[in-house]
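The values are calculated or read from the model by the stated rules, or taken from the named source; none is laboratory data. The model shown is predicted, which means the values in this text are computed figures rather than measured ones. No Cβ is skipped: glycine too gets one built from the backbone with ideal geometry, and neighbour counts run over all protein chains shown. Note: accessible area is taken over every heavy atom of the protein model, side chains too, but ligands, DNA and RNA are not part of it. Shrake-Rupley method; radii C 1.70, N 1.55, O 1.52, S 1.80 Å.
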Amino acid sequence: IQQIPMIISQLRTPLIAMVNGAAVGAGCDLAAMCDLRIASTESIFAETFARVGLVPGDGGAFFLTRLVGFGKAMEMFLTCKNYSAEEA
């Protein structure tokens, strides 16, 4: 799974995530790797690795921190809260 963010970071064209549902765990990380995210009103975003004693190992800690800032990323990582598309 670590090869996915490496390949995405080498793309020369913009990558757009179309989220129509749950982007939880690795799905949230994958959306964070993209250049632009478009979500339906039913979408939710969450980092839930802490529920099972893990940290995002697929690039999420790197990409999400740069996307939303250190404080908000840590909140997402530690609380495992679900965020609506509007909040995200």
| query | For residues in region 5-35 being of a type in the set (A, V, I, L, M) and either more than 12 Å from the chain's Cα centre (by Cα) or at positive phi (or both), which is most open to solvent (accessible area, probe 1.4 Å)? | reply | M18
| message | With the requirement that a residue be buried (at least 17 other Cβ atoms within 10 Å of the Cβ) and touching a strand residue (DSSP E or B) at 6+ places or on another chain (Cβ under 6 Å), what does region 72-87 give you? | response | Y83, A85
| query | Taking interchain pairs and intrachain pairs at least six residues apart, which have beta carbon atoms under 7 angstrom, with the first residue in region 24-51 and over 30 Å from R12 (Cβ atoms) and the second hydroxyl-bearing (S, T, Y)? | reply | I44/Y83; I44/S84; A46/Y83
| field | Filtered residue count, region 3-35, keeping only those that are part of a loop (DSSP other than H, G, I, E, B) and over 17 Å from R66 (Cβ atoms) | value | 5
| task | May I ask you to list the residues in region 36-71 that are under 23 Å from Q2 (Cα atoms), open to solvent by 50 Å² or more (accessible area, probe 1.4 Å) and either among the basic types (K, R) or outside any loop (DSSP other than H, G, I, E, B) (or both)? | result | L36, R37, R51, V52, F62, R66, L67, V68, F70
| said: Out of A50, A46, I need the residue that is modelled with pLDDT of 95 or more and aliphatic (A, V, I, L, M). Which one? | reply: A46
